[in-house]
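For reference, the structure is listed below as C-alpha cells.
The values are calculated or read from the model by the stated rules, or taken from the named source; none is laboratory data. All values derive from a computational prediction rather than experimental measurement. Note: ideal-geometry Cβ built from the backbone for every residue, glycine included; neighbour counts use all protein chains shown. These area figures cover heavy atoms from the full protein model, side chains too; ligands, DNA and RNA do not enter into them. Shrake-Rupley method; radii C 1.70, N 1.55, O 1.52, S 1.80 Å.
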Amino acid sequence: MTFTRRFILGAAMAATFATSVAALAAPPLVIGFSQVGAESEWRSANTASIKQAAGAAGITLKFADAQQKQENQVKAIRSFIAQRVDLIAFSPVVESGWDTVLREAKAAKIPVIVTDRAVKVTDPTLYASFIGSDFVEEGRRAGRWLAERAAKSPQKAFNIVELQGTVGSAPALDRKAGFAEAIAAHPKLKIIRSQTGDFTRAKGKEVMEAFLKSEGKNINVLYAHNDDMAIGAIQAIEEAGLKPGVDILVVSIDGVKGAFQAMLAGKLNVTVECSPLLGPQLMQLARDVVAGKPVPKRIVVTEGVFPAEVAAKEIASRKY
Ligand code: GYE
C-alpha cells in the first residue's frame, strides 16, 4: 500500500470513528410524560406500550402517574418544564383547563404532544400534534351495532342504561355523543339512565347495582364507555340473578383481553376497539417534532368492531 493510499484509508477510518463517537455522545432525547392513572386494563396497556417504545427508541422517559387528577398533571407538566425536558407528552384526564400550563411550556420553548385524549384550548399552537382515537366514531359504532341488533328482533323496546367514563373527559363526552347520534333515528332504542362509572370496574359495578335497584327488569341493554366498567357491571347483573349478555345485552368499548374473555363466556355482546398501543407512533412523532419536521396536527388511530361471534377467532392475536 502506498503512503497516499494508506493516508486516505486512515483518514476515512478516523472520520467514521469520529461520526460514531459523536452519535454515541449525543445525549438521548428526554420526554416528560404525564399519564392519566392506572384506572383500566386499557390504561395499563397504554403505559406499557409507551415505556417499551421509549426504551426501544433509546429515549429517556420521565413518567408521572396523575392518579386521575388534573392538578397532578399540571404539577407534573410544571416539573418537566423546570427540568427542561426536550418534549412533554400527556394524556389529559379531562378536556378543559390546560391553557395556562401549556402557555408556560410554550414560553419555555418546550414542544407538547397530546396523546390519547383531546384538549380544548383557545390557542391551537399550544401543542404540536394530537395522536389518538376518534371517540365519537367509537360511540357511533357501538350505537350502530345495537341498532342493527334491535332491528332484527321482534322486541318492541330496548331500554338502555349508560355507564359514562370520567366526567369531562374526551372519551366520555364523545362516546356519549356518538352513541346518541347513532341511535337517534331508532324509536325502539331509549336511554333510561346515564351516570358516570369513572372508567373503573369498582365504580361500574356500584352504579350498575343502583341502576338494577331502581329499574330492575326494565333494563334491556347496558352501554358502557369502557370494558372495565362493563366487566364490573356484569358482576352486578349476575349478583342480581340475571344473565348478562342474554337478559341484558352488554355493549362496550376498548377491546381488552378481559372483554374477549367475557364474550367467550357469553356475558358480553360486543366491544368496539380502541387501541392503547400508541407508544411506537408517539416516539417517532416526538423525534420529528424535536427535529422541527412538519407533523400532522391530528393523527387518528385505525380500529375495528368485535362482536361475540368472532371472539374465539380473534382472542389469540389480541395484544392487550
Ligand atoms: O377507553 C378507558 C381508559 O382514554 C381511550 O381511558 C382512553 C380511555 C379508555 O380508562 O378504558
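State which residue is nearest to the ligand (Cβ to nearest atom) when the search covers only region 159-183 and only residues that are open to solvent by 10 Å² or more (accessible area, probe 1.4 Å) and part of a strand (DSSP E or B).
Out of the qualifying residues, it is GLN164.
Being at pLDDT 95 or above, away from the ligand (no atom under 16 Å from the Cβ) and basic (Lys, Arg) is the requirement here; does ARG149 meet it?
yes
Please specify each residue of region 68-93 satisfying the condition of being open to solvent by 50 Å² or more (accessible area, probe 1.4 Å), more than 23 Å from GLY197 (Cα to Cα) and in a loop (DSSP other than H, G, I, E, B).
Of everything in region 68-93, those that are open to solvent by 50 Å² or more (accessible area, probe 1.4 Å), more than 23 Å from GLY197 (Cα to Cα) and in a loop (DSSP other than H, G, I, E, B) turn out to be GLN83, ARG84, ASP86.
Of all residues in region 279-316, how many are under 23 Å from ASP134 (Cα atoms), at pLDDT below 95 and among the small types (Gly, Ala, Ser)?
Going through region 279-316 one residue at a time, the tally reaches 1.
Within region 136-151, identify whether any single residue is out of contact with any helix residue (DSSP H, G or I) (no Cβ under 6 Å at 6 or more places or on another chain), in a loop (DSSP other than H, G, I, E, B) and more than 20 Å from ALA177 (Cβ to Cβ), and answer yes or no.
no
Please specify each residue of region 167-208 satisfying the condition of being of a type in the set (Ser, Thr, Tyr) and within 20 Å of SER96 (Cα to Cα).
SER169, THR196 - these are the residues of region 167-208 that are of a type in the set (Ser, Thr, Tyr) and within 20 Å of SER96 (Cα to Cα).
Show the residue pairs that are 6+ apart or on different chains and have beta-carbon atoms under 6 Å apart, the first residue being within region 118-137 and open to solvent by 40 Å² or more (accessible area, probe 1.4 Å), the second being part of a loop (DSSP other than H, G, I, E, B).
LYS120/GLU95; LYS120/SER96
Residue-wise test of (1) more than 15 Å from the ligand (Cβ to nearest atom); (2) touching a Lys or Arg at 6+ places or on another chain (Cβ under 6 Å); (3) closer than 18 Å to LEU29 by Cα.
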position	(1), (2), (3)
VAL85	yes, no, yes
ALA89	no, no, yes
VAL93	no, no, no
TRP98	yes, no, no
ARG103	yes, no, no
ILE110	yes, no, yes
ALA118	no, no, no
VAL121	yes, no, no
THR125	yes, no, no
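I need the full set of residues from region 293-320 which are without any contact (Cβ under 8 Å) to a residue 60 or more places away in the chain and open to solvent by less than 60 Å² (accessible area, probe 1.4 Å), in order please.
Of everything in region 293-320, those that are without any contact (Cβ under 8 Å) to a residue 60 or more places away in the chain and open to solvent by less than 60 Å² (accessible area, probe 1.4 Å) turn out to be GLY304, PHE306, VAL310, ALA311, GLU314, ILE315.
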